[in-house]
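These notes concern the structure reproduced below.
Throughout, read-outs are computed from the coordinates displayed, never taken from laboratory work. For clarity, every value in this text was computed on a predicted model and none was experimentally measured. Reconstructed Cβ throughout: ideal geometry from the backbone, glycine too, with neighbour counts over all protein chains shown.
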Protein chains: 2
Amino acid sequence: MQNFEFYNPTRIVFGPNKIAELNRLVPQNAKVLILFGGASAEKNGTLAEVRTALSQHEVQEFGGIEPNPTYETLMKAVELIRSEKLDFLLAVGGGSVIDGTKFIAAAVNFVGEPWDILTTHGAVVKHAIPFGTVLTLPATGSEMNEGAVITRQATLTKLAFMSEHVFPQFSILDPTKTYTLPKRQVANGVVDAYVHIMEQYLTYPVDGRVQDRFAESLLLTLIEIGPKVLAQPEDYDLRANLMWVATLALNGLIGAGVPQDWATHMIGHELTAAYDIDHARTLAIVLPSMLSIRRTEKRDKLLQYAERVWQITSGSDDERIDQAIAKTRAFFESLEVPTRLSAYTLGQDAVHHVVKQLESNGMVKLGEKKNVTLDVSQRVLEASL
Amino acid sequence: MQNFEFYNPTRIVFGPNKIAELNRLVPQNAKVLILFGGASAEKNGTLAEVRTALSQHEVQEFGGIEPNPTYETLMKAVELIRSEKLDFLLAVGGGSVIDGTKFIAAAVNFVGEPWDILTTHGAVVKHAIPFGTVLTLPATGSEMNEGAVITRQATLTKLAFMSEHVFPQFSILDPTKTYTLPKRQVANGVVDAYVHIMEQYLTYPVDGRVQDRFAESLLLTLIEIGPKVLAQPEDYDLRANLMWVATLALNGLIGAGVPQDWATHMIGHELTAAYDIDHARTLAIVLPSMLSIRRTEKRDKLLQYAERVWQITSGSDDERIDQAIAKTRAFFESLEVPTRLSAYTLGQDAVHHVVKQLESNGMVKLGEKKNVTLDVSQRVLEASL
């Protein structure tokens with residue numbers, strides 16, 4: 001096992017009708033800014049519930065945070081908070097609203113140009129104003145971690161930052177709030193969580209027995225519930241399991257003490273930036289080819305994955321690996337999430353364009369062994385055509 | 001899945017040589033009291049390492065915290081802290097030292113008689129002085145939870161309390177510090193962790209798929225490493241896995257959103273109080289009979305346990321349950337932990353004595369369904385003769 005530090009102080013409040021507890025969870029004298037995205041939080045009644053729960057608090061609102069939250073939009077919220085002297089944030093939404101809120105929380109009292117928070121990947125963050133979240137979309141895990149991804153619209157630069165100061169103080173997870181989500185967003189959430197787990201699991205063995213088994217537990221659960229969650233949107237237990245899996249997929253636990261990859265994410269980010277493909281859908285395109293192309297260095301874990309997650313025990317090593325990758329691809333496709341660039345009418349030109357972007361963003365040594373060069377990325381993308 | 005709240009702000013610092021980081025982890029101007037138990041922390045060099053790491057801090061020491069820490073001893077530490085105006089505690093040891101430190105932390109600034117902290121099970125605790133731990137014995141999970149068990153020597157009363165104010169701020173887990181532990185203590189630790197998991201897992205199904213699989217992950221790992229950990233005391237990865245499993249076995253995670261039992265623990269506590277049998281060893285006596293006697297209400301989970309943890313798939317329901325319980329018993333015995341009262345030359349008289357103690361301590365409705373009456377406890381103990 002590798003050495004590690006694990007720290008996660010976010011309080012999870014899980015269950016139906018838990019939004020009513022905001023009155024207890026938000027400090028009494030706080031001046032609150034509620035942040036949200038588009039119209040769905042209003043339409044499905046979540047915002048109304050939040051307003052009712054905070055009726056004894058001083059509250060303002062800021063809507064319009066985009067699916068890939070932009071620095072430009074978020075800085076408007078920063079200005080509002082500064083001018084109104086607000087001191088507590090409440091993100092109501094999915095990963096984008098929460099990611100955006102993390103950046104805002106760190107930027108409000110930041111001395112200097114807040115974009116530096118992103119170019120330093122969070123190193124310059126010394127404090128942040130406190131915030132909580134009401135999660136409406138299980139997918140990114142942002143509700144219980146310290147990371148965020150922000151896009152600068154002017155330059156189409158997408159950068160991540162991490163800081164212990166931006167753990168949410170609390171996150172309310174009410175599975176019933178996901179009942180009205182479009183099927184496509186739920187499917188994306190399943191894939192997003194799946195690939196988060198794979199990035200922390202499918203590397204090389206370091207005898208992290210609990211980490212491996214916990215990762216496999218989450219994968220097995222997603223495989224079990226994935227198609228059902230889409231077919232039965234108002235099944236409470238299915239939605240509850242999805243919500244808890246997606247949170248645990250990226251809260252630091254399964255990645256503590258083991259190597260991590262993240263090459264699939266880095267290439268996926270460029271596909272989103274260039275062609276506006278949903279984040280999770282880019283991962284579904286890249287992951288199967290990534291595993292196939294890097295099968296030699298990942299052999300031991302691929303064979304473990306084949307056996308423990310997909311119960312594949314017969315055939316040669318390469319046959320079992322091929323089967324496991326094919327099963328992974330078929331799982332994504334069963335959720336109506338395509339796994340080929342051709343599904344988006346992208347071809348060899350796109351491969352070259354994305355490789356160029358990777359180069360200009362310095363993404364030239366990716367993966368757990370820093371050996372995913374531009375050449376490897378190109379082969380991965382070509383295998384995804 | 002049941003509703004839940006999960007909160008755990010303890011920072012885990014895991015790996016060899018991490019004690020040196022105390023200098024960073026303990027606040028700069030803190031006046032520190034180092035707390036420990038017997039001579040082993042001195043003998044194995046852990047205390048020396050701690051002193052070196054804290055050489056730039058103002059430090060005092062308090063030794064002699066017993067295996068079942070007593071109120072009487074702990075109150076002496078409370079007086080020392082009050083008179084010397086110390087403001088940070090560092091527990092160096094296993095669960096007993098850490099449990100004792102939690103009580104001390106809550107008692108120092110408590111207004112009134114600190115024993116009330118225990119009679120109210122922690123409800124009266126409004127704050128505690130901050131503390132960290134250096135764990136030397138993987139077993140109880142106290143290093144990453146908010147609970148403690150304290151004994152009042154004068155009356156032989158053993159009471160537990162829980163409070164969010166007594167989460168350790170940090171815990172240093174250095175697996176190499178366990179190399180010199182006596183075999184018996186390591187075996188006890190394996191059994192203690194195993195039964196902690198079972199108390200949160202072996203109840204009735206609520207479709208907590210991740211909780212179930214995480215619990216099974218920890219059980220499978222203990223079964224895999226248990227005998228090896230005893231045979232190869234200086235195998236780093238085995239000790240690292242044991243340490244991380246024991247912490248995760250009782251940090252709130254696997255019990256969040258599912259029913260919990262704890263009847264085995266309550267009966268075990270009385271066996272320790274009456275006959276001074278090591279805590280873990282009392283659990284090994286009680287658990288197999290507890291599962292057997294309550295097999296009807298626990299049927300679904302017993303069958304799941306048989307299949308997923310012990311790979312038992314053939315035979316009638318009762319045969320599979322019997323096999324799973326027999327395997328559990330054999331596992332404890334393989335660690336040289338006896339599973340019968342007779343191993344301690346205790347017979348029917350002891351059964352009656354323990355049942356009387358349960359009655360006088362109000363332990364008359366135990367278990368996840370509050371249906372473990374004195375009669376059931378008696379049958380469990382008789383089945384353990």
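Numbers below:
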{"quantity": "Exposure proxy ranking, count of Cβ atoms within 10 Å, fewest first, for A:349, A:192, B:278, A:116", "calculated": "A:349, A:116, B:278, A:192"}
{"quantity": "Nearest-to-axis residue of chain B, judged by beta-carbon position, where the axis maps B onto A, in Å", "calculated": "B:9, 2"}
{"quantity": "Residues whose placed amide H lies under 5 Å from that of residue B:58, excluding near-sequence neighbours", "calculated": "B:32"}
{"quantity": "Full-extension gain in nm, residue A:43 to residue A:340, via 0.36 nm per residue minus C-alpha separation", "calculated": "103.5 nm"}
{"quantity": "³J(HN,Hα) computed for each position of the stretch B:153-170 - Karplus, 6.51 cos²θ - 1.76 cosθ + 1.60, integer Hz, glycine/proline x", "calculated": "4, 4, 10, 6, 8, 10, 10, 10, 9, 9, 7, 4, 6, 10, 5, x, 5, 8"}
{"quantity": "Residue with peak Gaussian network fluctuation, chain A [Cα springs, cutoff 10 Å], from A:322, A:87, A:375", "calculated": "A:375"}
{"quantity": "Gained length - residue A:169 relative to residue A:120, 0.36 nm times residue gap less alpha-carbon distance", "calculated": "15.3 nm"}
{"quantity": "Expected 222 nm ellipticity per residue - DSSP helices of 4 or more, -39500 (n - 2.57), all of the protein assembly as shown, to 500", "calculated": "-15000 deg cm²/dmol"}
{"quantity": "Residue-wise HN-Hα coupling along the stretch A:7-17, computed from phi with Karplus coefficients 6.51, -1.76, 1.60 (Hz; x: Gly, Pro)", "calculated": "8, 8, x, 6, 8, 9, 10, 10, x, x, 6"}
{"quantity": "Cα-Cα over 20 Å, subset of A:301/A:369; A:228/B:298; A:158/A:301; A:18/A:85", "calculated": "A:228/B:298; A:158/A:301; A:18/A:85"}
{"quantity": "Residue mean of other protein chain beta carbons inside 10 Å, A:207-219", "calculated": "6"}
{"quantity": "Where N is the number of residues in the stretch B:97-235, Cα Rg divided by 2.2 N^0.38 Å", "calculated": "1.20"}
{"quantity": "Residue of A:304, A:200, A:323 that the Gaussian network model of chain A assigns the largest fluctuation, springs spanning Cα pairs under 10 Å", "calculated": "A:323"}
{"quantity": "Ascending count of other beta-carbon atoms within 10 Å, so fewest first, for A:104, B:129, B:117", "calculated": "B:129, B:117, A:104"}
{"quantity": "Cα gyration tensor, the stretch A:232-318 - rounded (a/c under 1.5), prolate or oblate", "calculated": "oblate"}
{"quantity": "Mean-position separation - Cα centroids, the stretch A:291-311 and the stretch B:317-363, in angstrom", "calculated": "43"}
{"quantity": "Cα pair distances exceeding 49 angstrom across the protein assembly as shown, given as percent", "calculated": "18"}
{"quantity": "Among B:315, B:15, B:255: highest mean-square fluctuation, GNM of chain B, C-alpha pairs under 10 Å", "calculated": "B:315"}
{"quantity": "Radius ratio Rg over Rh of the stretch A:11-177, counting only Cα atoms, Kirkwood formula for Rh", "calculated": "0.94"}
{"quantity": "Crossing angle, helix A:209-231 versus chain A [Cα axis fit, 0-90 degrees, rounded to tens]", "calculated": "80"}
{"quantity": "Amide H partners (placed H, <5 Å) of residue A:134, local residues excluded", "calculated": "A:91, A:92, A:93, A:172"}
{"quantity": "Angle between chain A longest axis and helix A:183-201 axis [Cα atoms, degrees, rounded to 10]", "calculated": "60"}
{"quantity": "Total charge dipole magnitude, the stretch B:11-177, about the Cα centre, Cβ charges on Lys, Arg, Asp, Glu only, Debye to nearest 20", "calculated": "140"}
{"quantity": "Folded to 0 to 90 degrees: helix A:263-275 orientation relative to chain A principal axis, Cα", "calculated": "70"}
{"quantity": "Those GluC sites (Glu not before Pro) in the stretch A:173-282 that DSSP places in a loop and that have at most 11 other beta carbons within 10 Å", "calculated": "A:234"}
{"quantity": "Per-pair calculated FRET efficiency, R0 = 56 Å: residue A:87 and residue B:236 via Cβ, rounded to 0.05", "calculated": "0.75"}
{"quantity": "15 Å tail of the calculated P(r), the stretch A:113-168, as % of Cα pairs", "calculated": "52"}
{"quantity": "Among A:204, A:215, A:325 the positive-end extreme of the charge dipole of the stretch A:183-383 (Cβ point charges)", "calculated": "A:204"}
{"quantity": "Unit charges on C-beta of K, R, D, E only; dipole of chain B, Debye", "calculated": "100"}
{"quantity": "Alpha-carbon spread of chain B, three principal axes, descending order, Å", "calculated": "65, 44, 44"}
{"quantity": "Which of A:292, A:309, A:373, positive extreme of dipole for the stretch A:183-383 (C-beta unit charges)", "calculated": "A:373"}
{"quantity": "Whole-Hz couplings from phi, Karplus 6.51/-1.76/1.60, listed for the stretch A:364-378; x for Gly and Pro", "calculated": "10, 9, 9, x, 5, 10, 6, 10, 8, 7, 4, 5, 5, 4, 4"}
{"quantity": "Spin-label proximity, residue A:179 to the stretch A:3-45 - amide N less than 17 Å from point 7 Å beyond Cα toward beta carbon", "calculated": "A:15-20, A:41-45"}
{"quantity": "For the stretch B:122-153 and the stretch A:1-58, distance of Cα centres in Å", "calculated": "30"}
{"quantity": "Dimensionless Rg over Rh [the stretch B:182-383; C-alpha; Kirkwood]", "calculated": "0.95"}
{"quantity": "Theoretical FRET efficiency, 1/(1+(r/R0)^6), r = Cβ-Cβ of residue B:378 and residue B:206, R0 22 Å, to 0.05", "calculated": "0.15"}
{"quantity": "Dipole in debye (nearest 20) - the stretch B:182-383, about Cα centre, beta carbon charges: Lys, Arg +1; Asp, Glu -1", "calculated": "160"}
{"quantity": "Residue (of B:59, B:37, B:17) at the positive-pole extreme of the stretch B:1-126, dipole from beta-carbon charges", "calculated": "B:17"}
{"quantity": "Copy-to-copy label separations for residue A:72, where each label sits 7 Å from Cα toward Cβ, in nm and ascending", "calculated": "7.5"}
{"quantity": "Distance histogram for the stretch A:214-255 (every C-alpha pair counted, 5 angstrom bins, percent rounded to whole numbers)", "calculated": "5, 25, 32, 21, 11, 5, 1"}
